[in-house]
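This report refers to the structure that appears directly beneath it.
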Amino acid sequence: MKKRIRWPGLLVFLALVGLSYFLLVLFIDDFVKARIEAIGSDWAKAKVELDAADLSFVPLGLRLQRLQVTDRKNPMTNAVEIGEIAFLIDPGAALDRKIHIEEMTVEGLRLNTPRTRSGALAPEKPPRAAKKKGTEGLQLPALDLPDVKAILAKESLASLQLVEDLRQEAKQEEAKWKAQIAALPDKETFKDYEQRVKKLKDAKKGGIGGFLGGMQEVVSLQKEIKADIEQIRFAKKTLKTDLSTLKDRVQSVSKVPMDDINRLKEKYALSPKGLSNISRMLLREQIGDWTETAFQAYETLQPHLANLSMDRADAAAQKPPRGKGVDIHFRVQRTLPNFLVETANVSFQLEAGNFSGVMRQITTQQPLTGKPLRFRFSGQALKDFESITVDGTVNRIDPAQAMDAVQLKAQGHRIGSLRLSKDTDFPVEMKNARADFDTEARMQNG
Amino acid sequence: MLKTIAKFLKILNSETEPAQISLAFCFAMVAGLSPLLSLHNVFVLLLVLVLRVNLSAFLLAFVGFSGIATLLDPVFHQIGLGLLTAEALKGLWTGLYDITFWRIARFNNTLVMGSLASALVLFPPLFLLSNRLIRQYRARFLKWVQKSKLMQALRATKLYEAYETLSQLKGDGG
């Protein structure tokens, strides 16, 4: 070759790279917005809308404006509406198919906001039935923490029901047997037989006529005695069977309390489901509903999050789609969880007022980070309180020694007119009062 | 089809050095056999544009190798899978996996690995073989082809004329 290098080619290459970058910058935001709406709608099974998406490359981050997730049961309402979400992503982790968000800001989070257009995906479903009585509007935490007895009182326990059923059944059996025993031949009957035998013996002494008449009586007596004995035998047999059945029932019922204990442990453990149950129990229906909404969102995301990791063995067993191949993942020293938000600054608006706070180390794999999830939210100048602060820790670093704690500090609870004594001679009425609460809940080993 | 044959014959019959055409075939093989949107293909594009390889030969061969790649997909997947799961290479792959550049290069994809490894292995033999074949063609068959009825017919077409004019304007580079 006369000249090995074609310098204008380098210019063409640079021009091509520049053009590609220009086109990428021009269209990437719309592409990201469309993808989030499509994937989000697919995951949430309800329309997800986004006003705008802004992707930055240096540093790698994303800003989403007005994210609306339709309530799938009520298409004219947004289950969640978020004013703005902004976060930075670790590019290295992203290549490892892991979502590692260094800092996230969530502003203007609101629940159950009305929509101007229906957010139904498929043919519209009938709107959700009217809200349950007593759950209208926001009610702040009752602050009267129920103890285990209260939880047990509110729970319908299968074991208690079974014991009650069994007691009723035993009572019915007892009544049935009392009636049956009453119907069985008793002492009187046998005394009567004795009398009749005696008469027959006397008749024998009365000559041939008396003897012949007595024969018929003997046969009849024998039949009656035989029938009575058969009746007693049958009753004995049935009693044995009934007793055996009752014994079995008692034995099976004795195992049910443990099932109840296990069920309650699961229900009120600090799992996402348990959390919503505790919230409903401690903080009234509305907050329970919110937690349930969050839990539903988590359940929706869970299968997708589970797909984020695939090891070599999985990949080898997978048949690749044409022209795509299979990505094989290796275990590197820098082991990050599949999903990690190091810091999330969250602000949300409730009817009672505005709250804001920080959540740190949000991940489902704490053993990998070695750090517990911590959160702190506070609201000032609220409807019925001067301030509320919630501090919490969810520690699952060692799953065998889980330790979770929540501390609620409420200050300046305004208590209105309250009659303390109805006595006409000495009436006492409190016109105004303020109360401070300091509550702490701890859970150990789930 | 005629256009393709015309282009191909034009390339072979031109005074372009055999190495320029052979190198174009080899680069086209790398880019054509592996998934188009791979990082190494950006590097191939840079080399094709900067090194004096025959661009027409590259484009023509690229189309041909892309067609072959579709048929060989399962083979490349198996080769890639074999390489990426080989115990002896586990340390190497794990080391590369920890480096962002290699992750962007998608070396851990079975198809990328299989096709790229195959193309790189075939690169030197293809270069030498096509060099030799082009030389042999020019020495033994060129005159015969120039005189053939097919070539006469092709030369008579307006397309060929236009192509020739354009080539003369561009020079040897293709």
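How many residues are within 12 Å of another protein chain (Cβ to nearest Cβ), surrounded by 18 or more Cβ atoms within 10 Å (Cβ to Cβ) and either more than 18 Å from residue A:13 (Cβ to Cβ) or of a type in the set (Val, Ile, Thr) (or both) if we restrict to region B:47-71?
Qualifying residue count for the region: 4.
Suppose the filter is of a type outside the set (D, E, K, R) and either assigned to a strand (DSSP E or B) or within 32 Å of the chain's Cα centre (by Cα) (or both); does residue A:82 pass it?
yes
Checking residue A:311 against (1) modelled with pLDDT under 85; (2) within 9 Å of another protein chain (Cβ to nearest Cβ), only one condition comes out false. Which one?
Every condition holds for residue A:311 apart from (2).
Which of the following residues is outside any strand (DSSP E or B) and among the small types (Gly, Ala, Ser): A:53, A:94?
That would be A:94, the only listed residue that is outside any strand (DSSP E or B) and among the small types (Gly, Ala, Ser).
Given the conditions (1) assigned to a loop (DSSP other than H, G, I, E, B); (2) out of contact with any strand residue (DSSP E or B) (no Cβ under 9 Å at 6 or more places or on another chain), report the number of the one that residue A:46 does not fulfil.
That leaves (2) as the condition not met.
Check whether at least one residue in region B:138-147 is β-branched (Val, Ile, Thr), more than 10 Å from every other protein chain (Cβ to nearest Cβ) and in contact (Cβ under 8 Å) with a residue 40 or more places away in the chain, and report yes or no.
Among the residues of region B:138-147, at least one is β-branched (Val, Ile, Thr), more than 10 Å from every other protein chain (Cβ to nearest Cβ) and in contact (Cβ under 8 Å) with a residue 40 or more places away in the chain, which makes the answer yes.
Answer yes or no: is there a residue in region A:400-420 that is over 21 Å from residue A:347 (Cβ atoms) and in a helix (DSSP H, G or I).
Yes: one or more hits.
Of the conditions (1) touching a residue at least 24 places away in the same chain (Cβ under 8 Å); (2) in a strand (DSSP E or B); (3) not polar (S, T, N, Q), residue A:391 clears all except one; give me its number.
It is condition (1) that residue A:391 fails.
Just give me the residues in region A:366-381 being in a helix (DSSP H, G or I) and of a type in the set (A, V, I, L, M, F, W, C), in sequence order.
Listed by number, the list holds a single entry, A:368.
Go through region A:150-191 and give me each residue that's in contact (Cβ under 8 Å) with a residue 24 or more places away in the chain, of a type in the set (D, E, K, R) and surrounded by fewer than 13 Cβ atoms within 10 Å (Cβ to Cβ).
Once the filter is applied, which keeps residues that are in contact (Cβ under 8 Å) with a residue 24 or more places away in the chain, of a type in the set (D, E, K, R) and surrounded by fewer than 13 Cβ atoms within 10 Å (Cβ to Cβ), region A:150-191 yields only A:154.
Which residues, taken from region B:102-114, are more than 7 Å from chain A (Cβ to nearest Cβ) and more than 17 Å from residue A:331 (Cα to Cα)?
B:105, B:113, B:114
Out of region B:72-96, which residues are farther than 18 Å from residue B:41 by Cβ, buried (at least 19 other Cβ atoms within 10 Å of the Cβ) and at the interface with another protein chain (Cβ under 9 Å from one of its Cβ atoms)?
The answer is B:77, B:81, B:84, B:93.
I'd like to check which helices (runs of 4 or more DSSP H) are fully inside region B:1-108 and have at least 1 residues that are farther than 27 Å from residue B:140 by Cα and without any contact (Cβ under 8 Å) to a residue 60 or more places away in the chain.
Fully inside region B:1-108 and qualifying: B:18-33, B:39-50, B:55-84, B:90-97, B:100-104.
The values are calculated or read from the model by the stated rules, or taken from the named source; none is laboratory data. Source: prediction; values computed, not measured. Don't worry about glycine lacking a Cβ; one is built from the backbone with ideal geometry, like all the others, and counts go over all protein chains shown.
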